[in-house]
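Report on the structure given below.
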2 protein chains.
Amino acid sequence: MTDTTPRPTVTAFDWVPDFARGLVRDMRVRWALEEIGAPYNTELLSARSPRPDEYLARQPFDQVPAFTDGDLQIFETGAILLYLGEKDERLLPAEVQARWTAIAWVFSALNSVEPVIGRIVAYDIFNAGKDWVPAARESAEALCKQKLKRVNDALGSKEWLAGDFSVADIAMITVLNNLRHTDLVAEFPSLAAYKARGEARPAYKRAMEAQLADFKAEAPQAA
Amino acid sequence: MTDTTPRPTVTAFDWVPDFARGLVRDMRVRWALEEIGAPYNTELLSARSPRPDEYLARQPFDQVPAFTDGDLQIFETGAILLYLGEKDERLLPAEVQARWTAIAWVFSALNSVEPVIGRIVAYDIFNAGKDWVPAARESAEALCKQKLKRVNDALGSKEWLAGDFSVADIAMITVLNNLRHTDLVAEFPSLAAYKARGEARPAYKRAMEAQLADFKAEAPQAA
């Protein structure tokens, strides 16, 4: 029998440069869907030529992913993760305190940790070689280490951020992965072990393979 | 009769420098509580002397606000806003698409818009006068304008981001306020009008007065 249940759809890019492969944010949604064994479709967009104007109604920042489940449309990975979490306790606990702790850590990943990691990436990747970068990076690196230490200390000997594995860990580990071109995470043993634990999960590996498989080898010509 | 219902508690600072007054993040929670007429207590902490170690269990990044409602503890303003929203439709609509659109915009404010505004603040305030700042700022300002334009265009002639007024507007308007030392928001007419509309709400004004009233005039001595 063929399963005719409509599948959720995730937008993704059909090509990105090497430095971004595995980091594009649809990875977060793919990982969550793989954790609960939910089949999904991908809708591939060009990262080079402009997306059609109507895409802005689905994703106002013209980025990926946008998510569709039946008639429902959601943008922002944090929101998509919470939506999937509400449907499945393997992603978000139902118990009140555990639930809000997990939701708080999703926001921590995206608002307390990712912004300063974004500065490191902006300096190392997007502005590499410019003469103002070393001084700017020094200032951001101190702040970045402070945030990483806070997460490291909060983890301590815990396996996951909020009790059982949850969307908080999907958010935090994919955020930390933006530092993969540096040794910063390795300076914090609990954090490094935590990240390795997350990336060893079969669902993470399947999600990563799926994102990489959707990229063309060569940059498509701009339309 | 005295109302003996336990009130939620919000942590805040007892003093901050002028540039931060009105911007400290407990403002977001105070505003939401004022919108629904919910009385609350503040627990004032020193921004100068270290917080007690046990505070990290409530707020792992040693920041404000931390939020307590009975036995429940929540950190991260995004999570606290969603918690309050789930309890009151005046803050978060119950209808499924409207709810997820509002939640998506909360994440947009905190993850798509605030990070680049944070860079402008880092350059203008925390690193003012350093010789690498002008070049770094130029790169961030272009990105900041791009994000502001996206929000401006998504707003168009709409009054609020997600239908009725919601926590999405509390998040976005308080994020935009971090640019109050610049003319950047004024370059985008829909955005500027939207921000003014939010700040004209009586609940916003009450929240602002309450935050300012909790600051001592003089910096306390470090403990």
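Structure data summary
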{"read-out": "Selection count where residues are within 11 Å of chain A (Cβ to nearest Cβ), open to solvent by 30 Å² or more (accessible area, probe 1.4 Å) and free of Cβ contacts under 8 Å to residues at least 60 places away in the same chain, scope segment B:58-94", "value": "5"}
{"read-out": "Residue tally, condition facing chain A (nearest Cβ under 8 Å) and within 28 Å of residue B:136 (Cβ to Cβ), over segment B:95-115", "value": "7"}
{"read-out": "Scan of segment A:125-140 for residues that are of a type in the set (D, E, K, R) and surrounded by fewer than 16 Cβ atoms within 10 Å (Cβ to Cβ), ordered by number", "value": "A:130, A:131, A:138"}
{"read-out": "Segment B:147-166, subset within 21 Å of the chain's Cα centre (by Cα) and open to solvent by 50 Å² or more (accessible area, probe 1.4 Å), residue nearest to the other protein chains (Cβ to nearest Cβ)", "value": "B:150"}
{"read-out": "Residues (without any contact (Cβ under 8 Å) to a residue 24 or more places away in the chain and either surrounded by 16 or more Cβ atoms within 10 Å (Cβ to Cβ) or within 21 Å of residue B:145 (Cβ to Cβ) (or both)) located in segment B:181-223", "value": "B:183, B:186, B:192, B:193, B:195, B:196"}
{"read-out": "Flag for residue B:116 being within 30 Å of residue A:54 (Cβ to Cβ) and without any contact (Cβ under 8 Å) to a residue 40 or more places away in the chain", "value": "yes"}
{"read-out": "Any hit, segment A:47-57, residues being assigned to a loop (DSSP other than H, G, I, E, B) and either under 12 Å from residue A:214 (Cβ atoms) or acidic (Asp, Glu) (or both)", "value": "yes"}
{"read-out": "Tabulated pairs, segment A:151-169, first closer than 16 Å to residue A:103 by Cβ, second acidic (Asp, Glu) and buried (at least 18 other Cβ atoms within 10 Å of the Cβ), C-beta under 7 angstrom, 6+ apart or interchain", "value": "A:160/A:169; A:161/A:169"}
{"read-out": "Filter result for residue A:19 (assigned to a loop (DSSP other than H, G, I, E, B), on the phi < 0 side of the Ramachandran plot, in contact with a helix residue (DSSP H, G or I) (Cβ under 7 Å, 6 or more places away or on another chain) and surrounded by fewer than 24 Cβ atoms within 10 Å (Cβ to Cβ))", "value": "no"}
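The values are calculated or read from the model by the stated rules, or taken from the named source; none is laboratory data. The structure presented is a predicted model; accordingly, all values stated were derived computationally and were not measured. For neighbour counting, all protein chains shown are included, and Cβ atoms are generated from backbone atoms with ideal geometry for every residue, glycine included. Keep in mind that these areas ignore ligands, DNA and RNA; they rest on the heavy atoms of the full protein, side chains included. Shrake-Rupley method; radii C 1.70, N 1.55, O 1.52, S 1.80 Å.
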